[in-house]
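The values are calculated or read from the model by the stated rules, or taken from the named source; none is laboratory data. Fair warning: this is a prediction, and the values are worked out from it, not measured in the lab. Don't worry about glycine lacking a Cβ; one is built from the backbone with ideal geometry, like all the others, and counts go over all protein chains shown. With ligands, DNA and RNA removed, areas are computed over all heavy atoms of the protein, side chains included. Shrake-Rupley method; radii C 1.70, N 1.55, O 1.52, S 1.80 Å.
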Amino acid sequence: MSEETRRSRGSRRPGRDQKRRRSARATVGLLVGTVLLSCAALVALVAVVVPAVGGATTYTVLTRSMEPGLPPGTLLVVRPTPVDDLRVGDVITFQLESGKPTVVTHRITEVQLAEDDERLFTTQGDANANADPEPVMPVQVRGSLWYAIPYLGWVSSLRSSDAADVWIPVVAGLVLCYAAVMVVGAVRDRRRRPDEPDHDGQGYDGPIED
């Protein structure tokens, strides 16, 4: 074997090692990007798309009255529900005072009929020892709990009242963009031609002679 052949083979090994490392990084990047992309898509779906399509409203739990099931920071998706369909055990969101923006989310513990046959709801927080002092009238009910997402409510709570439906889509969109960039970069690295030289200029494009 000539000295020139030995040098050619010796210079080829670093190129192979570098390509293996680059392929491993591309695989990891593709995996991480895919996971982030899937998570962002899921968050956008359950926190933005589904509520919008279903005519629901999102709220954030701020107190401990509904622990352990709905701790502070939980995002609540509440959809309008006919009051005649509400039953004991349902979790509802209602105005503390009719026409006022402040709302509470508690569980129905009793349903009564007033003299005019209007339904009245006794409510209580799961963590509270006593029921709420005033019955809830139908006009106060904003809807019943559709589903809840732990922790995501903290993101929602950062929103201002003037930008009520902006922050969650923006955050989800940023994560989607970041994940997409990672996926595209990883796919590009994996598709790079085997004979393409490495960034340091090393590469082998000729036969090896013994």
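The table for this structure:
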item	result
Accessible heavy-atom area order of VAL49, VAL61, highest first, probe of 1.4 Å	VAL49, VAL61
Karplus (6.51, -1.76, 1.60) ³J(HN,Hα), θ = phi - 60°, over the range 85-93, in Hz, Gly and Pro reported as x	8, 7, 10, 4, x, 6, 9, 10, 10
The range 136-147 - phi-based ³J(HN,Hα) in whole Hz, Karplus 6.51/-1.76/1.60, Gly and Pro as x	9, 8, x, 5, 7, 6, 8, x, 10, 5, 8, 7
Share of Cα-Cα pairs in the range 76-141 lying beyond 15 Å, as whole percent	48
Amide hydrogen neighbours beyond the local backbone of VAL136, cut-off 5 Å, H modeled	PHE121, THR122, THR123
Mean Cβ count within 10 Å, highest first, over the residues of peptides 113-123, 99-109	99-109, 113-123
Overall Cα dimensions of the range 45-111 - principal axes, largest extent first, Å	34, 28, 24
In sequence order, calculated HN-Hα J values of the range 51-65 (Karplus, 6.51, -1.76, 1.60; Hz; x Gly/Pro)	x, 5, 5, x, x, 8, 10, 9, 9, 10, 6, 10, 10, 9, 5
Extent along principal axes [Cα atoms of the range 33-144; Å; largest to smallest]	60, 30, 24
